[in-house]
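The values are calculated or read from the model by the stated rules, or taken from the named source; none is laboratory data. Computed from a predicted structure; not experimentally measured. FYI the Cβ positions are ideal-geometry reconstructions off the backbone, even for glycines, and counts take in every protein chain you see.
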Amino acid sequence: MRVAVVTDIHANLEAFKEVLADIDRSGIDSVVCLGDIVGYGPDPEGVVDLLLERRIPCVMGNHELGVLGRLNLAWFNILAQQSVLITRSLLTLEALGYLAGLPASLSLAGSLYVHGFPPDSITTYLYSVSDFRLRKVFTTLEERISFVGHTHLLEIIGFGGESITGESITHAPLRKGVTALEPDRKYIVNAGSVGQPRDGNRNAKYVIWDTDQDALEARFIPYDVAATAEKIRQAGLPELFARRLW
Ligand SMILES: [Fe+2]
């Protein structure tokens, strides 16, 4: 089975459409979305519509919490607060209702999907978690692989198994292309960001997990950055969110 994991789309319709086109060409059996569907970008409603149209299961992100008034605005920096308020004004009641029904996590076919950190944190950043806490979570998690978003960075953290790395926690960037997994090891995989890159590369990123090959593939997808940047300006969203796309 080939599972595509998309996260942090952030209302970037151009990026999401190109990623879906790539998914359609890549022999994918199912798609899962890890939240932050909205925020920063100009097309929150359009992205929600596509997720619904494609029946893509999705978990809650911190930007959804903000838009729904379930996370205090003070949690966000001042520009992100503007984004939350503008995003709220761009969404229909139907879309807000959809966002309100998103779960904190999903366990599907032996894998866990959560926005921030397993088992169900929406707001914890992976880079803020100590190895001590990682070890504790890895030993209690039933699922072998957990997929997370939130940091907008591609990363793979491994634990356990019979190999030379054994019980030690390993951290590595998840590089473009294919990464083979070790059969007895558990993993937390940070799937990057479709719509708001923070790794110095302007392409949309997503991850394919091939369960038969037991391998991950990080895909880098070009899209019309100029079109999204212009729409961000036209929507009155902070200029930084347009510039950061490049
Ligand atoms: Fe995000």
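Figures for the structure shown
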read-out: Residue within the range 154-169 that is within 16 Å of the ligand (Cβ to nearest atom), modelled with pLDDT of 95 or more and touching a Leu at 6+ places or on another chain (Cβ under 9 Å) present; value: yes
read-out: Neighbours by Cβ (under 9 Å, 6+ apart or cross-chain): first from the range 204-223, without any contact (Cβ under 8 Å) to a residue 40 or more places away in the chain and charged (D, E, K, R); second assigned to a strand (DSSP E or B) and surrounded by fewer than 17 Cβ atoms within 10 Å (Cβ to Cβ); value: Asp214/Ala180
read-out: Only listed residue being surrounded by 19 or more Cβ atoms within 10 Å (Cβ to Cβ), in contact with a Ser or Thr (Cβ under 9 Å, 6 or more places away or on another chain) and either among the aromatic types (Phe, Trp, Tyr) or part of a loop (DSSP other than H, G, I, E, B) (or both), chosen from His63, His10; value: His10
read-out: Candidates Val48, Val38 - the one that is in a helix (DSSP H, G or I), surrounded by 13 or more Cβ atoms within 10 Å (Cβ to Cβ), touching a residue at least 12 places away in the same chain (Cβ under 8 Å) and within 16 Å of the ligand (Cβ to nearest atom); value: Val48
read-out: Among residues of the range 65-113, those that are hydrophobic (A, V, I, L, M, F, W, C) and touching a Gly at 6+ places or on another chain (Cβ under 8 Å), counted; value: 8
read-out: Ala4 of a type in the set (Gly, Ala, Ser), more than 14 Å from the ligand (Cβ to nearest atom), in a helix (DSSP H, G or I) and surrounded by 15 or more Cβ atoms within 10 Å (Cβ to Cβ); value: no
read-out: Answer from Val137, Val178 - the residue that is over 19 Å from the mean Cα position of the chain (by Cα) and either assigned to a strand (DSSP E or B) or of a type outside the set (D, E, K, R) (or both); value: Val137
